[in-house]
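Before any comments, here is the structure.
The values are calculated or read from the model by the stated rules, or taken from the named source; none is laboratory data. Quick caveat, the model's predicted, so the values are computed rather than measured. Cβ coordinates were reconstructed from backbone atoms using ideal geometry, including for glycine residues, and neighbour counts include every protein chain displayed. The accessibility values were calculated without ligands, DNA or RNA, using every heavy atom of the protein model including side chains. Shrake-Rupley method; radii C 1.70, N 1.55, O 1.52, S 1.80 Å.
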Amino acid sequence: MSGKVLITGGAGYIGSHTYVALREAGFACLILDNFSNSSARVLERLERITGARVDVVDADINDAKALDALLMGGDIDSVIHFAGWKAVGESSQRPLKYYDNNVCGTVNLLKSMQRCRVTKLVFSSSATVYAQEASMPLIESSPRAATSPYGRTKLMVEEILGDLCHTDPSWRIAALRYFNPVGAHASGLIGEDPTGTPNNLVPFIAQVAIGRRERLTIFGDDYPTADGTGVRDYVHVLDVAEGHVAALRYLADNPGLINVNLGTGRGTSVLEMLRQYELACGRAIPFAIAARRQGDVASCWADIAKAREFLRWQATRSIAEMCADSWRWQQLNPDGYR
Ligand code: NAD
Ligand code: WQD
């Protein structure tokens, strides 16, 4: 194996799990994070899981000098870029905050990579880039259209990456469109630690199960789905992490840009998820039905043929494992990393 993988946002939820997967696969890694949405405590947890010191730099992707200093030395031969903001609702309130960090920050990173001739990149895109009218399952060529500034940042970066690969054949880029990553490492040492009220379903259920919140609010039971609640493609975060290892291996032999879905290809409803979580934690999870949440679609799941064919990757972990691992993390860390 040659140089190190620079992981921007490597202290975050998906980045920390990807660090573990990369180390297990034999890659040397360097985490870059400004800890704006993560805790430095994750580092000691990563050391416990991997049994080795974690290489980390406290820096911002908007800091060109810091990036150049890391990328210029010749130690880094690829970048996995997770750093960015991800709250869909907040992005509608504060769009410039999102365009600044997610788009300008990424352009800053790309400029530094170009200056330093590091041209292998895996980018965190999202299923949110697909148009709401697209039919299921979503294939990589399905129509795209964003419904929030957050989604638009992902679409814009995908376009920028396409332009870059058109003009300079030395780039090798995988834009991975994650569906709904959930769960945690089986050790219970690392997991998702949202600040404030969780926006996403599984962290919310976990906090109800542990007694931090009274009940789950289910946003709508009148969708055209089997039980009326929304259907999503939940995918274990460690499967997603392993998808990044597969993408790096793919890029070793393939120049240009590839867009790939990371999902399981199966949809699960809110009520099914709730029932599975109840089985995992052995207690009833109170809930109430409320109106639909603005911007939500009825159903969303991935076509996974492209990931299988090109990345030779496929998710292997079940919904039951996602719930069991989320619950273990929640029980061992009732207040997250705090
Ligand atoms: P996260 O917030 O847990 O991790 C992001 C990390 O980036 C954090 O540790 C944060 O401190 C860091 N960061 C933010 N801005 C930075 C900056 N300017 N400089 C340096 N570090 C910075 O989020 P996550 O869930 O791990 O998501 C990772 C990526 O995947 C994001 O780009 C997100 O948009 C994308 N994504 C996430 C999901 C999801 O459901 N979690 C789905 C699709 C796509
Ligand atoms: C899942 C289902 C809700 C919370 C979001 C982003 C997307 C991507 C992943 C980054 C839906 C229902 C939820 C609750 C509920 N992130 N729900 N009560 O909306 O599919 O995707 O995260 O790229 O961009 O939009 O995930 O977990 O918020 O919702 O009933 O308290 O759970 O209505 O049907 P979503 P989610």
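Does T195 satisfy the condition of being in a loop (DSSP other than H, G, I, E, B), more than 22 Å from I49 (Cβ to Cβ) and within 11 Å of ligand 1 (Cβ to nearest atom)? Spell out how you get there, then give the answer.
On the way: in a loop (DSSP other than H, G, I, E, B): yes; more than 22 Å from I49 (Cβ to Cβ): yes; within 11 Å of ligand 1 (Cβ to nearest atom): yes.
Yes; evaluated as a whole, the condition is true for this residue.
Between a first residue in segment 292-312 that is under 10 Å from V231 (Cα atoms) and away from ligand 1 (no atom under 16 Å from the Cβ) and a second residue that is of a type outside the set (S, T, Y) and open to solvent by 50 Å² or more (accessible area, probe 1.4 Å), which pairs have beta carbons less than 6 Å apart while being 6 or more apart in sequence or on different chains?
A298/P224; S299/M136
Residue check, L251 against (1) in contact with a strand residue (DSSP E or B) (Cβ under 6 Å, 6 or more places away or on another chain); (2) within 24 Å of T147 (Cα to Cα), all met but one. Which one?
Here L251 clears every test but (2).
Looking at (1) closer than 27 Å to Y223 by Cα; (2) within 18 Å of the chain's Cα centre (by Cα); (3) open to solvent by less than 30 Å² (accessible area, probe 1.4 Å), which is the one condition that is false for I285?
Unmet for I285, out of (1) closer than 27 Å to Y223 by Cα; (2) within 18 Å of the chain's Cα centre (by Cα); (3) open to solvent by less than 30 Å² (accessible area, probe 1.4 Å): (2).
For segment 148-174, how many residues are buried (at least 18 other Cβ atoms within 10 Å of the Cβ) and either among the polar types (S, T, N, Q) or assigned to a loop (DSSP other than H, G, I, E, B) (or both)?
Going through segment 148-174 one residue at a time, the tally reaches 3.
Among the numbered conditions (1) touching a helix residue (DSSP H, G or I) at 6+ places or on another chain (Cβ under 7 Å); (2) assigned to a loop (DSSP other than H, G, I, E, B); (3) within 15 Å of ligand 1 (Cβ to nearest atom), tell me where L71 comes up short.
All conditions are met except number (2).
Conditions first: (1) in a helix (DSSP H, G or I); (2) surrounded by fewer than 15 Cβ atoms within 10 Å (Cβ to Cβ). Q114 passes all but one, so which condition is the exception?
Failed condition: (2).
Tell me, which residue of segment 209-234 that is open to solvent by less than 10 Å² (accessible area, probe 1.4 Å) and touching a Lys or Arg at 6+ places or on another chain (Cβ under 8 Å) is nearest to L176 (Cα to Cα)?
Checked segment 209-234; the qualifying residue nearest to L176 (Cα to Cα) is D233.
Could you tell me which residue of segment 31-59 is farthest from W329 (Cα to Cα), considering only residues that are away from ligand 1 (no atom under 13 Å from the Cβ) and outside any helix (DSSP H, G or I)?
Here is the first cut: in segment 31-59, the ones away from ligand 1 (no atom under 13 Å from the Cβ) are 44-45, 47-55.
Adding the requirement that they be outside any helix (DSSP H, G or I) leaves 51-55.
Details: G51: 19, A52: 21, R53: 22, V54: 21, D55: 24 Å.
The residue in question is D55.
Which ones in segment 187-207 are open to solvent by 30 Å² or more (accessible area, probe 1.4 Å), more than 8 Å from ligand 2 (Cβ to nearest atom) and farther than 14 Å from Y13 by Cα?
The answer is S187, G196, T197.
Name the residues in segment 88-110 that are under 19 Å from the mean Cα position of the chain (by Cα) and β-branched (V, I, T), would you?
V88, V103, T106
Which pairs turn up if I take residues in segment 69-81 that are closer than 22 Å to L161 by Cα and look for partners that are within 16 Å of ligand 1 (Cβ to nearest atom) and hydroxyl-bearing (S, T, Y) with beta carbon separation below 6 Å, at least 6 apart in sequence or on another chain?
Taking only residues 6 or more apart or on different chains, the pairs are L71/S112; H81/T8.
Among (1) within 12 Å of ligand 2 (Cβ to nearest atom); (2) over 23 Å from the mean Cα position of the chain (by Cα); (3) hydrophobic (A, V, I, L, M, F, W, C), which single condition is W301 missing?
Only one criterion is unmet by W301, namely (2).
Being open to solvent by less than 10 Å² (accessible area, probe 1.4 Å), within 22 Å of A146 (Cβ to Cβ) and assigned to a helix (DSSP H, G or I) is true for just one of G89, G105. Which residue is that? So that I can check it myself, show each step before the final result.
On the way: G89 fails: open to solvent by less than 10 Å² (accessible area, probe 1.4 Å).
After ruling out the rest, the residue left standing is G105.
Please count how many residues of segment 1-22 are within 16 Å of ligand 2 (Cβ to nearest atom) and either open to solvent by 10 Å² or more (accessible area, probe 1.4 Å) or in a loop (DSSP other than H, G, I, E, B) (or both).
Summing the residues that are within 16 Å of ligand 2 (Cβ to nearest atom) and either open to solvent by 10 Å² or more (accessible area, probe 1.4 Å) or in a loop (DSSP other than H, G, I, E, B) (or both) in segment 1-22 gives 4.
Is it the case, given these coordinates, that N37 is open to solvent by 30 Å² or more (accessible area, probe 1.4 Å), within 16 Å of ligand 2 (Cβ to nearest atom) and more than 19 Å from E242 (Cβ to Cβ)?
Yes: the conditions hold for N37.
Having 1 or more residues that are touching a Cys at 6+ places or on another chain (Cβ under 7 Å) is the bar; report the helices (runs of 4 or more DSSP H) wholly within segment 235-338 that clear it.
Correct list: 270-281, 319-332.
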